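In what follows, a structure is listed as structure tokens, so that the remarks can point back to it.
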Amino acid sequence: APQGQLARVAGRWPGRQAVRLDQGYLFADDFAPANKSFTVEAWLRVLGPGTHRGNSDSTNGTLLSVGGGYWDGWRVTLSYPSRVLGFEIGRPQPSHSVGMQTTSVADGVWHHLAASWDGQTMRVYVDGLLAGSGAYAGAYTPPGDKHFRVGYAGAGWGSVVMDADEVVVFGRAKSAVEILADAHFYAPLAEADAERFRAAERLLDSKDTAAASAGFAALAGSKGLDEGYRAV
């Protein structure tokens, strides 16, 4: 924790704790995506721009990363004031990263965040639903910095004040319904409803938003659907 101590704060559930990050960060050994495929999931609560600024004094920060995310590795970022999430995979010089962005996310509440790559498409999910996607079928460039970081990582990006709870990495690209179930692990999801989610997510992923909206609306009327899924 450079330039200060990590602070423990109230977690997602009564009696549980999380850690608040800004100048400090958590890190572990990095990992090489098997067959260009991985998923990273985390419970995070973002609280605003941090102490460190990005290039040109920008108010943005890195949430999760391996390496720099520009010429190697990958990174998930958040920009202010837009509160838009970004997901980039680095490519070696003289090229640069390829990436995508999501719609904005709210400050001050816990979010389940997931980023996945299946060797063809990069996707970001917020609270179990697809928030953005982008195509990338190129190579993965292992980083020189052999760390998986939660929080500030430099490389032209600043820091975000955020609370971090669970963080987990999978060696494959998890399906949309798997990520939905992870975000709402406390609620049962019948297979028939899961298939409806799959169909609507496929439409959303193909940019057919009108048909996806109709599919989700029909699902919301399903008898027996848990209220957590109905709210989503």
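Quick notes on this structure:
- Counting only residues that are in contact with a strand residue (DSSP E or B) (Cβ under 7 Å, 6 or more places away or on another chain) and part of a loop (DSSP other than H, G, I, E, B), segment 141-160 holds 7 of them.
- Look at (1) free of Cβ contacts under 8 Å to residues at least 60 places away in the same chain; (2) aliphatic (A, V, I, L, M); (3) touching a Ser or Thr at 6+ places or on another chain (Cβ under 9 Å) and you find that residue 10 fails only one, number (3).
- Count of residues meeting criterion [among the hydroxyl-bearing types (Ser, Thr, Tyr), surrounded by fewer than 17 Cβ atoms within 10 Å (Cβ to Cβ) and assigned to a loop (DSSP other than H, G, I, E, B)] in segment 1-59: 2
- Members of segment 197-213 that are under 18 Å from residue 182 (Cα atoms) and either surrounded by fewer than 18 Cβ atoms within 10 Å (Cβ to Cβ) or aromatic (Phe, Trp, Tyr) (or both): 197, 198
- Selection status of residue 87, part of a strand (DSSP E or B), closer than 19 Å to residue 158 by Cβ and among the hydrophobic types (A, V, I, L, M, F, W, C): yes
- Every listed requirement among (1) polar (S, T, N, Q); (2) open to solvent by less than 10 Å² (accessible area, probe 1.4 Å); (3) in a loop (DSSP other than H, G, I, E, B) is met by residue 95 save one, (2).
- For residue 107, the conditions (1) modelled with pLDDT of 95 or more; (2) within 21 Å of residue 30 (Cα to Cα); (3) in a loop (DSSP other than H, G, I, E, B) all hold with the exception of (2).
The values are calculated or read from the model by the stated rules, or taken from the named source; none is laboratory data. This structure is a prediction, so every number in the text was calculated from the model and none was measured. So basically every Cβ, Gly included, is an ideal-geometry build from the backbone, and we count neighbours across all protein chains shown. With ligands, DNA and RNA removed, areas are computed over all heavy atoms of the protein, side chains included. Shrake-Rupley method; radii C 1.70, N 1.55, O 1.52, S 1.80 Å.
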